[in-house]
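One structure below.
The values are calculated or read from the model by the stated rules, or taken from the named source; none is laboratory data. All of these numbers come straight from a predicted model, not from anything done at the bench. Cβ placement follows ideal geometry from the backbone for every residue including glycine, while neighbour counts extend to all protein chains displayed. Heavy atoms of the whole protein, side chains included, go into the accessibility calculation; ligands, DNA and RNA do not. Shrake-Rupley method; radii C 1.70, N 1.55, O 1.52, S 1.80 Å.
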Amino acid sequence: MTVPRFPPHSNVAIVGAGIAGATCARLLHAAGQVVRAVDKSRGAGGRMATKRLEWTDAQGATHQARLDHGAPGFAIGDRAFADFAGAALGPAGLAAWTPALKAGSRPLPEAGPLLLPQPDMPALCRALLQGIEVTWSFQVDRLLRGPGGWQLEAAGTLLPGLHDRVVLALPPAQAAPLLAPHAPAWAAQAAQAVMEPCWTLIGVAQRPARATGWDLAQPTEGPLAWVMRADARPGRAAPADEAHWVAHACPSWARTHLEQPAAWVQAQLAAALEACVGEPIAWTHATVHRWRYARPGAPRAAGDAPHWWDPALGLGVCGDFLGGAGVEDAWRSGQALSAAVLANGPRPCSNAP
Ligand SMILES: Cc1cc2nc3c(=O)[nH]c(=O)nc-3n(C[C@H](O)[C@H](O)[C@H](O)COP(=O)(O)OP(=O)(O)OC[C@H]3O[C@@H](n4cnc5c(N)ncnc54)[C@H](O)[C@@H]3O)c2cc1C
């Protein structure tokens with residue numbers, strides 16, 4: 001007899017291990033639900049992302065650096081979120097960063113510091129998912145619903161197990177095709193939700209000859225919206241001769257140039273970064289990352305629910321596009337959906353098909 005590797009039945013399967021899905025999973029797990037999570041990536045975090053760069057120098061030596069290339073952190077808007085994140089990560093797990101802003105920059109939207117999970121951005125989602133069974137590198141492309149529950153399929157392979165309920169914690173364009181056969185009205189809304197793209201330049205260079213005197217710039221013109229000395233951030237120090245740069249293009253520039261070759265985009269953003277720094281940059285290693293769905297493009301209307309939940313189907317949706325615009329909103333959405341699922345009452349966990 002083949003023994004299944006995973007529990008054959010769960011109360012809730014969560015698709016997506018970003019902050020919305022990880023929050024929902026944590027709260028359901030804490031309430032005694034049997035939770036399974038899956039993600040198409042090899043690890044947690046979603047757009048709370050840290051990229052590992054690796055390169056070989058002229059002498060054949062291999063080097064590595066890790067740079068936060070998605071959300072750079074989150075502001076303390078809702079104290080409850082900072083407390084939730086702090087409780088998951090422990091006392092040393094969240095560091096405050098008050099960047100020195102380049103003169104002439106657009107002001108930061110938030111008054112206080114940015115909070116950064118330690119040692120990297122995905123650490124918060126990893127902590128939230130502790131004790132929860134997660135299957136990585138599983139890109140769900142079909143949800144099947146039968147009398148025994150829901151099943152998840154990727155490229156023709158069914159994930160072993162039946163699930164009473166399914167939660168989609170994905171960007172809307174990725175949720176829409178999964179919703180279409182079961183909740184066409186939600187699928188249509190998700191397909192229409194506007195998400196802003198972003199091109200991000202990430203790289204390691206020699207330290208500038210002159211100290212810049214700032215570690216964050218928000219240019220008022222040109223392709224770049226956000227330029228960050230990543231090694232100035234708490235817990236992200238670089239070797240003394242290196243400067244780590246992360247530069248995000250503004251949404252309008254990224255939208256216009258979304259399908260351009262990466263090499264062309266890299267050249268444009270590197271030139272804009274040099275203009276911002278005011279001197280040539282001697283790159284050791286650099287690359288660009290394209291985010292098709294970086295952030296929601298339109299604010300939610302007042303009164304809109306921060307999640308979707310159909311108790312009869314046992315199907316729910318959460319994510320930043322329902323919660324608002326960023327990390328904290330995605331957390332709020334995942335939290336609200338977990339409460340809705342629990343309010344629906346526990347369903348018996350049975351293996352009957
Ligand atoms: C460049 C950039 C800058 C940002 N700046 C800020 C900022 O300054 N402040 C702020 O608050 N927010 C910022 N954000 C936005 C913030 O990162 C997001 O709002 C938040 O992380 C979204 O969380 P989520 O859980 O809703 O979605 P995600 O983090 O996108 O999580 C979705 C998960 O689903 C997985 N997935 C997708 N499709 C499938 C599938 N078919 N099967 C299985 N898994 C799947 C993905 O791999 C991912 O892990 C930024 C984002 C980017 C990209």
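Details
- Figure legend. Inter-residue proximity from region 184-200: first residues away from the ligand (no atom under 14 Å from the Cβ), second residues part of a strand (DSSP E or B), beta-carbon distance below 6 Å, spacing 6+ or different chains. Indicated pairs: W186/W308.
- Residue count, region 24-70 (criterion: closer than 23 Å to V167 by Cα and near the ligand (Cβ under 8 Å from one of its atoms)): 10
- Residues of region 82-92 that turn out to be crowded, with 18+ Cβ neighbours inside 10 Å and at pLDDT 95 or above, as a count: 4
- Enumeration of residues in region 103-118 that are open to solvent by less than 50 Å² (accessible area, probe 1.4 Å) and touching a residue at least 40 places away in the same chain (Cβ under 8 Å): S105, L108, L114, L115, L116, P117, Q118
- Selection count where residues are under 26 Å from L152 (Cβ atoms) and within 20 Å of the chain's Cα centre (by Cα), scope region 296-328: 13
- Among (1) surrounded by 20 or more Cβ atoms within 10 Å (Cβ to Cβ); (2) within 28 Å of L128 (Cα to Cα); (3) modelled with pLDDT of 95 or more - the single one G323 does not satisfy: (3)
- Any hit, region 335-343, residues being more than 16 Å from the ligand (Cβ to nearest atom), part of a loop (DSSP other than H, G, I, E, B) and over 29 Å from A96 (Cα atoms): no
- Residue satisfying all of: in region 153-174; near the ligand (Cβ under 8 Å from one of its atoms) and not in a loop (DSSP other than H, G, I, E, B); nearest to D141 (Cα to Cα) among these: A154
- Only one of the numbered conditions (1) small (G, A, S); (2) touching a residue at least 40 places away in the same chain (Cβ under 8 Å); (3) closer than 19 Å to P234 by Cβ; (4) surrounded by 16 or more Cβ atoms within 10 Å (Cβ to Cβ) is not met by A100, and that is (4).
- Residue in region 69-97 that is farthest from A217 (Cα to Cα), counting only those that are among the hydrophobic types (A, V, I, L, M, F, W, C) and assigned to a loop (DSSP other than H, G, I, E, B): A92
- Test set (1) open to solvent by 40 Å² or more (accessible area, probe 1.4 Å); (2) under 20 Å from the mean Cα position of the chain (by Cα); (3) more than 12 Å from the ligand (Cβ to nearest atom) - A123 fails condition number: (1)
- Conditions (1) surrounded by fewer than 13 Cβ atoms within 10 Å (Cβ to Cβ); (2) not in a loop (DSSP other than H, G, I, E, B); number of the one not met by W253: (1)
- Test result for A13, among the hydrophobic types (A, V, I, L, M, F, W, C) and over 19 Å from F321 (Cα atoms): yes
- Number of residues in region 42-77 that are open to solvent by 50 Å² or more (accessible area, probe 1.4 Å) and within 20 Å of the chain's Cα centre (by Cα): the value is 7.
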